[in-house]
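Every number in this text was worked out from the coordinates using simple rules, so none of it is lab data. Just so it is clear, the model here is predicted, and its values are computed rather than measured. Ideal geometry is used to build each Cβ from the backbone, glycine not excepted, and the neighbour counts take in all protein chains shown.
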Amino acid sequence: MKRKIFAYLTVLALLSLIFSISASAYTDKDKNFSIKAPDSFTEINSANVKEHQDFLQKINYTASGFKDYLTKNNIVFYAINKQNGSEIVLKSVSSEFSKNIDNLYMLDNAALANVAEKLFESNDYTVLEKNGTKFLKVSISSKDNGGNFFGSQFITVKNGLVYSLSLTFGENINTMTSIEIQERVLNDFYINEKTGFSWGNFGNIIITVIVTACILLFVAVAGYVVYTFINDARNKNSSNDVAPYVKIKRRKF
């Protein structure tokens, strides 16, 4: 009995592990990046835009119109929290400017200052490194019919491309929550080098191996559970067949 309970618990644990791991990052091989949005966000892209037509209508977009919006604005990843309107927007574009720089990581502080001067209206920016990529970070704010929004923009140049990651939040979200979301998104945002070893790709390989191993283990445990059910059923039928022929020896008084 204990073995059965252990087997059932193992199946449940493996199922939850498979689903949690397989919720892998969004990967764009052309732009050499991978990114993962928190669970509270919904990804909307060219492949699944038709699945979100009801929501898009609320923000005055058709499926085709939203696809055009993504293309015209060089948006390669978009995710939104439908409850509060918070957004994750990643843009990527190639230009003479980005080709000349190639990789922001290789620039010293003086060169970074020159880049920031061309990108931003003010010098109010910070420099941070994450997952082998150097970013210039600036605060952003906006206002529309949905209210006031605040957030941060992270800009880098890698592989001769400009990457601009913007995270905006509604005014009803506290600062600590927005910081936690930003950290989670940045931790799961990898821009891979075109050639050579890539931790992002290596991580995806590890995830694939783990998921495959979990699936195989799940199949084995599930097979064992099915086997025990069948075996128990056979034993039960066998005992029922024998029972009528068991002779009861009566005691003599």
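Worth pointing out:
- Sequence of Glu183, Glu87, Glu96, Glu171 once ranked by neighbouring C-beta atoms within 10 Å, starting from the fewest: Glu96, Glu183, Glu171, Glu87
- Between Glu117 and Tyr69, the contour length at 0.36 nm per residue exceeds the alpha carbon distance by 14.5 nm.
- Residues whose amide H comes within less than 5 Å of that of Phe33, counting only those at least five positions distant or on another chain, are Asp28, Asn192 (H built at 1.01 Å from N in the peptide plane).
- With R₀ fixed at 51 Å, the C-beta to C-beta distance from Arg184 to Thr62 puts the FRET efficiency at about 0.95.
- Computed label-point distance, nm, for sites Ala220 and Asp28 using a 7 Å Cα→Cβ extension: 4.0 nm
- Subset of Lys31/Lys137; Lys29/Lys130; Lys31/Lys118; Lys36/Lys158; Lys72/Lys158; Lys50/Lys130 violating a 31 Å alpha-carbon distance limit: Lys50/Lys130
- FRET efficiency, Phe55 to Ile230 (Cβ-Cβ, R0 45 Å, nearest 0.05): 0.45
- Local net charge near Ala63, Cβ-Cβ under 11 Å (Lys/Arg +1, Asp/Glu -1): -1
- Amide H contacts of Lys130: Phe135, each under 5 Å away and 5 or more positions distant or on a separate chain (H built 1.01 Å from N in the peptide plane; Pro and chain starts excluded).
- Cross-link partners of Lys194 among aspartates and glutamates (Cα-Cα below 16 Å; sequence separation of 8 or more within a chain): Asp28, Asp30, Asp102
- Converting phi to 3J(HN,Hα) with the Karplus coefficients 6.51, -1.76 and 1.60 and the offset θ = phi - 60°, the stretch 74-90 yields 6, 8, 9, 8, 9, 9, 9, 8, 5, 6, 10, x, 5, 10, 10, 10, 10 Hz in sequence order, with x at every glycine or proline.
- Difference of contour (0.36 nm per residue) and Cα-Cα distance, Asp144 to Ser95: 14.7 nm
- On the basis of the beta-carbon distance and an R0 of 51 Å, Met106 and Thr175 show a calculated FRET efficiency of 0.95.
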